[in-house]
1. Anything in the range 39-81 that is touching a Leu at 6+ places or on another chain (Cβ under 8 Å) and without any contact (Cβ under 8 Å) to a residue 40 or more places away in the chain? List them, or say none.
2. For the range 55-67: of the residues being at pLDDT 95 or above and among the aliphatic types (A, V, I, L, M), which is farthest from residue 17 (Cα to Cα)?
3. Please verify whether residue 5 is part of a helix (DSSP H, G or I), among the acidic types (Asp, Glu) and open to solvent by 80 Å² or more (accessible area, probe 1.4 Å), treating the condition exactly as stated.
4. State whether the residues of the range 8-28 include one that is closer than 15 Å to residue 74 by Cα, among the small types (Gly, Ala, Ser) and either touching a residue at least 12 places away in the same chain (Cβ under 8 Å) or out of contact with any Pro (no Cβ under 7 Å at 6 or more places or on another chain) (or both).
5. Restricting to the range 26-81, name every residue that is under 21 Å from residue 10 (Cα atoms), among the hydroxyl-bearing types (Ser, Thr, Tyr) and surrounded by 14 or more Cβ atoms within 10 Å (Cβ to Cβ).
6. Inside the range 45-81, can you point out the residues that are more than 20 Å from residue 30 (Cα to Cα), among the hydrophobic types (A, V, I, L, M, F, W, C), part of a loop (DSSP other than H, G, I, E, B) and out of contact with any Lys or Arg (no Cβ under 7 Å at 6 or more places or on another chain)?
7. Just to be sure I understand, how many residues within the range 9-25 are in a strand (DSSP E or B), surrounded by fewer than 12 Cβ atoms within 10 Å (Cβ to Cβ) and not aliphatic (A, V, I, L, M)?
Amino acid sequence: MMSNDELPLSHLIVRVVDTDRTIAFWVTGLGAVLESDEELAAPALDAIYGRKGVRIRDTFIRYCGVRLHTIETLDRKRERK
């Protein structure tokens, strides 16, 4: 049983370079469930990232009871390392 001062895991946020490849890995490869996949742009994102015109692709993927929240920036592409 969980004590009152413990918080359950809500979701894990992961920044990704390629959302399509991420979905393929988790959903097609491992059998996870894609709960949502959308593109977002909002003043709040501009404030979070510290620049104007931020656009992201945002997904929620459920796997083994955990929600994986992926974020890919669309206005500035990140490079794979």
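1. Passing the criteria: 39, 54, 55, 56, 57, 58, 61, 62, 63.
2. 61
3. Working: part of a helix (DSSP H, G or I): no; among the acidic types (Asp, Glu): yes; open to solvent by 80 Å² or more (accessible area, probe 1.4 Å): yes.
No: the conditions fail for residue 5.
4. Checking the range 8-28: not a single residue is closer than 15 Å to residue 74 by Cα, among the small types (Gly, Ala, Ser) and either touching a residue at least 12 places away in the same chain (Cβ under 8 Å) or out of contact with any Pro (no Cβ under 7 Å at 6 or more places or on another chain) (or both).
5. 59, 63, 70
6. Residues of the range 45-81 that are more than 20 Å from residue 30 (Cα to Cα), as a first pass: 45-57, 72-81.
If we keep only those that are among the hydrophobic types (A, V, I, L, M, F, W, C) too, we end up with 45, 47-48, 54, 56, 74.
Still in the running and part of a loop (DSSP other than H, G, I, E, B): 54, 74.
Across the range 45-81, the qualifying residue is only 54.
7. 1
The values are calculated or read from the model by the stated rules, or taken from the named source; none is laboratory data. Please read all numbers here as calculations on a predicted model, not as lab measurements. Reconstructed Cβ throughout: ideal geometry from the backbone, glycine too, with neighbour counts over all protein chains shown. Quick note on the areas: whole protein, heavy atoms, side chains included, nothing else; ligands and nucleic acids left out. Shrake-Rupley method; radii C 1.70, N 1.55, O 1.52, S 1.80 Å.
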